[in-house]
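Report on the following structure.
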Amino acid sequence: MPVDEDAAVIAERSAFYETLKTLTAEEWDAQSLCGGWRNRDVATHVHLALTIKVPRLLVGLVMNRGDFNRFMASYVPQMGNRPVSEILAVWRDVATSAKIPPTTKKVEIALDAFVHHHDIALPIGKSVPSDPERLRWMADGMVAAQKPILSGPRVKGLQLIANDIDWHYGTGPEIHGPAAALILAGCGRTALDDQLEGDGLAELARRG
């Protein structure tokens, strides 16, 4: 049975929001797994995909010569400095919305929330919930995703085999492990690599 993509996006965003509501003041300022950003910065980055106004985005892109990543690198920490109450107020609306930015796919937005949720949760010992159907949907999306996630090219020519759900992909050197760990690794995260095994791991690590 096909996944209800709107419901899946909302489920990933809602799970993210539930974790954010539990963070202490120290945890909001703790470093995440995402490029030196604090947890408050990661939370801001994820909701900006939905809430940033087009005029602000266009100005930011012009000022950064069209480089979206460079714009985010400077803008996100500025927005992340807002009071936690303001960040959570935005998330209250985002958590119940399936709206996505133009030119993106719903599975890519769910992946963004899922991966960044781990960026926050893992360093502070929190778990990230999901379910088999949603994990399978996101795993399928991960192996196909191009820019900006680039997980598709990263896993091309490798065989990924989940050991906790019925899912596999590709041919070539194998990587076995939980679906969440495979998804994170495909998206360039190494935090759950200790749960993976197989002769394809070295090649995936080389690709970064």
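A short reminder: the numbers here are calculations on the coordinates, not readings from a lab. Values in this document were obtained by computation on a predicted structure and should not be read as measured data. Note that we place each Cβ from the backbone using ideal geometry, even for glycine, and neighbour counts take in every protein chain shown.
Data for the structure
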{"read-out": "Measure of compaction for region 132-207 (Cα Rg per 2.2 N^0.38 Å)", "value": "0.94"}
{"read-out": "Ratio of the Cα radius of gyration of region 53-166 to 2.2 N^0.38 Å, where N counts its residues", "value": "1.24"}
{"read-out": "Net length gained if the chain between Asp193 and His168 were fully extended (0.36 nm per residue, minus Cα distance)", "value": "7.3 nm"}
{"read-out": "Rg(Cα) / (2.2 N^0.38 Å) computed for the chain, rounded to two decimals", "value": "1.01"}
{"read-out": "Cα-based helix-to-principal-axis angle, 84-94 vs the chain, degrees rounded to 10", "value": "60"}
{"read-out": "Degrees separating the helix 39-51 axis from the principal Cα axis of the chain, which is the longest one", "value": "80"}
{"read-out": "DSSP beta bridges in the chain [antiparallel fraction, %, rounded to 5]", "value": "50"}
{"read-out": "Exposure proxy ranking, count of Cβ atoms within 10 Å, fewest first, for Met79, Met138, Met63, Met1", "value": "Met1, Met63, Met79, Met138"}
{"read-out": "Ellipticity estimate at 222 nm from DSSP helix runs (n ≥ 4, -39,500 (n - 2.57)) divided over the chain, nearest 500", "value": "-17000 deg cm²/dmol"}
{"read-out": "Relative exposure of His117, His47, His168, judged by other C-beta atoms within 10 Å (fewest first)", "value": "His168, His47, His117"}
